[in-house]
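The values are calculated or read from the model by the stated rules, or taken from the named source; none is laboratory data. Predicted model only: the values in this text are computed from it and were never measured. Virtual Cβ from ideal backbone geometry, glycine too; neighbours counted across all protein chains shown.
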Amino acid sequence: MTSEVLNELTFFVLVIFVGFEVISKVPTILHTPLMSGTNAIHGIILVGAILIAAGANSPVTIAVTLATTNVVGGFVVTDRMLEMFKGRQQQK
């Protein structure tokens, strides 16, 4: 194993640990606004992936597919979380 691969693996493990620690400290009431902000950022990432794919000699369809999946999944999760805040409709 080269030192470059070891550095990348170490970085990856540290990012997972830091990400878990940051997310676990967020109060429940802030999850929905944070998801909406994250979806906006992922939309920008999707536009960047499309621009890179358009200028590449071979289309980078994996990046576009993953970014699209991320955006759609984020909106689905946000929609489900917003449903929790709606009051129960009264029985007729």
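Taking segment 1-10 as the range and being exposed (fewer than 10 other Cβ atoms within 10 Å of the Cβ) and at pLDDT 85 or above as the test, the residues that pass are THR2, SER3, GLU4, VAL5. Could you please let me know if GLU21 is assigned to a helix (DSSP H, G or I), over 18 Å from the mean Cα position of the chain (by Cα) and acidic (Asp, Glu)? No: the conditions fail for GLU21. When we screen ALA53, ALA49, ALA63 for residues that are in a helix (DSSP H, G or I) and touching a Pro at 6+ places or on another chain (Cβ under 7 Å), the only hit is ALA53. Whenever a residue of segment 60-75 is on the phi < 0 side of the Ramachandran plot and crowded, with 17+ Cβ neighbours inside 10 Å, its partners that are of a type in the set (S, T, N, Q) and in a helix (DSSP H, G or I), lying with C-beta atoms within less than 7 angstrom and at least six residues away or across chains, give the pairs VAL71/ASN39; GLY74/THR38; GLY74/ASN39. Looking across segment 34-60, the residues that are modelled with pLDDT under 75 and over 11 Å from the mean Cα position of the chain (by Cα) come down to ALA56, ASN57, SER58, PRO59, VAL60.
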